[in-house]
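Here the structure comes first, spelled out in structure tokens, and everything after it is commentary.
Laboratory data are not the source of any read-out in this text; all were calculated from the coordinates shown. Source: prediction; values computed, not measured. As a convention, Cβ positions derive from the backbone with ideal geometry for all residues, glycine included, and neighbour counts pool all protein chains shown.
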Amino acid sequence: MKNVERIREALLGPPSGDYFRQRAFAGWKPVAIIWEREIEASPGQATPSSEDIPYGLEVGADCASLVENPAEKQVILQVIEGIVQDLRISQIAATLNQSGYRTRSGTPWTTRDVFELLPRLIEVGPRVFPTTEWAERRQQLFNAV
């Protein structure tokens, strides 16, 4: 099986026929074209926005997939530990700050930030609990009690 090389170029203007000939001569063939235009938004119409990357993930090196973010994974594990220990959300935020963790925007964790992370914990929980890392952390929690 042959490897495929792909590139993405941002255009500053419409490409000329010469541009396509040069690329074809170098062995390239077009496989997609993305068109965009500016339009006036009508009153009350929502403007499209990009979707946030779920907490604990980041864009992979291939720019096409999401991969685990190790630092954010540690925050998720620490929040889960706090919940298992029956800590208040304010205590969990304080623990995250004492451990030196910051939100994606670089600010200290607040009660609201931790609260807004709870739906993500529900999504990620089934993948976290079967891991050996969680089993070790859980054992440490029970030994401390």
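Between THR103, PHE115, VAL128, the Cα set farthest toward the positive side of the dipole of the range 57-144 (charges on each charged residue's Cβ, about the Cα centre) is that of PHE115. On the beta carbon distance between ASP52 and THR111, with R0 = 22 Å, the FRET formula returns roughly 0.60. When you work out D = kT/(6 pi eta Rh) for the range 57-144 at 20 °C and 1.002 mPa s, using the Kirkwood radius from C-alpha pairs as Rh and the Stokes-Einstein form, the result is 155 µm²/s. Mean separation of Cα pairs under 8 Å and 6 or more residues apart, divided by the residue count, gives the range 57-144 a relative contact order of 20 percent. Using the rule -39500 (n - 2.57) for each DSSP H run of four or more residues, divided by the residues of the chain, the 222 nm mean residue ellipticity is -14000 deg cm²/dmol. Modelled label positions at LEU118 and ALA10, each set 7 Å beyond Cα in the direction of Cβ, lie 4.0 nm from each other. Judged by the mean number of other Cβ atoms found within 10 Å, the most tightly packed of the peptides 74-83, 94-103 leads the ranking 74-83, 94-103.
Expressed in units of 2.2 N^0.38 Å, where N is the residue count, the Cα radius of gyration of the range 1-123 is 1.65.
Under 10 Å, Cα contacts only: if you run a Gaussian network model on the chain, which one of ILE33, ILE53, ILE122 comes out with the highest mean-square fluctuation? In this elastic network of the chain, the residue with the biggest mean-square fluctuation among ILE33, ILE53, ILE122 is ILE33.
The calculated FRET efficiency for GLU68 paired with GLN139, based on their beta-carbon distance and R0 = 22 Å, is about 0.50.
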